1. Among the residues of region 52-86, write down those that are outside any helix (DSSP H, G or I) and open to solvent by less than 60 Å² (accessible area, probe 1.4 Å).
2. Residues in region 11-27: is at least one part of a loop (DSSP other than H, G, I, E, B) and modelled with pLDDT of 85 or more?
3. Report, by residue number, each residue of region 1-10 that is in a loop (DSSP other than H, G, I, E, B), exposed (fewer than 14 other Cβ atoms within 10 Å of the Cβ) and under 15 Å from the mean Cα position of the chain (by Cα).
Amino acid sequence: MRACLDGAAVPPWDLLESLLLDLPGAPGAAAQEAAYASALRAAAVAAWDARPEGAQELRTLLSLSAATEQRAAVEEALRTLTARLNATADPAEAQVLSRELAWTHDDAVRATSRQTDLRTRLSSLPLPAVPRQRTPA
């Protein structure tokens with residue numbers, strides 16, 4: 001988040017969308033603002049990703065976000081929390097576990113969304129020009 005605030009990174013869409021949905025106002029206003037913000041972000045990421053180092057930065061971010069260990073840890077946390085929730089008879093503990101399970105599930109959904117966004121951004125970049133080899137005359 002610090003990098004985004006410092007202008008060193010583009011914020012992920014799910015973060016912006018979440019902030020926009022928290023805006024007070026008339027019903028439907030958040031959806032209108034989200035559509036407008038989505039278009040602005042699309043233009044921003046197109047410019048950001050077009051920088052000479054843009055493609056490599058996207059590959060690095062995608063590699064970091066898709067780390068097998070992260071995915072395995074989240075899946076294990078979801079399994080463990082679900083098992084604990086199913087095994088408890090204590091309503092207070094069930095409430096705490098349900099909340100934790102919801103947060104963990106939300107984290108997993110956001111991670112998947114961010115990976116999809118990075119893949120989409122990377123695939124929309126033009127392929128680098130391949131230098132033509134000169135044939136001896």
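1. ALA66, ALA67
2. yes
3. Within region 1-10, MET1 is the sole residue that qualifies.
Yes or no, residue by residue, for (1) over 27 Å from LEU122 (Cβ atoms); (2) touching a residue at least 40 places away in the same chain (Cβ under 8 Å); (3) open to solvent by less than 90 Å² (accessible area, probe 1.4 Å):
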{"site": "ALA35", "(1), (2), (3)": "no, no, yes"}
{"site": "ASP49", "(1), (2), (3)": "no, yes, yes"}
{"site": "THR88", "(1), (2), (3)": "yes, no, yes"}
{"site": "GLN95", "(1), (2), (3)": "yes, no, no"}
{"site": "HIS105", "(1), (2), (3)": "no, no, no"}
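The values are calculated or read from the model by the stated rules, or taken from the named source; none is laboratory data. Everything numeric in this text was worked out from a predicted model, so none of it was measured. When we count neighbours, we look across all protein chains shown, and the Cβ atoms used for this are built from the backbone with ideal geometry, even at glycine. When the accessible area is computed, the model is the full protein with side chains, heavy atoms only, and any ligands, DNA or RNA have been set aside. Shrake-Rupley method; radii C 1.70, N 1.55, O 1.52, S 1.80 Å.
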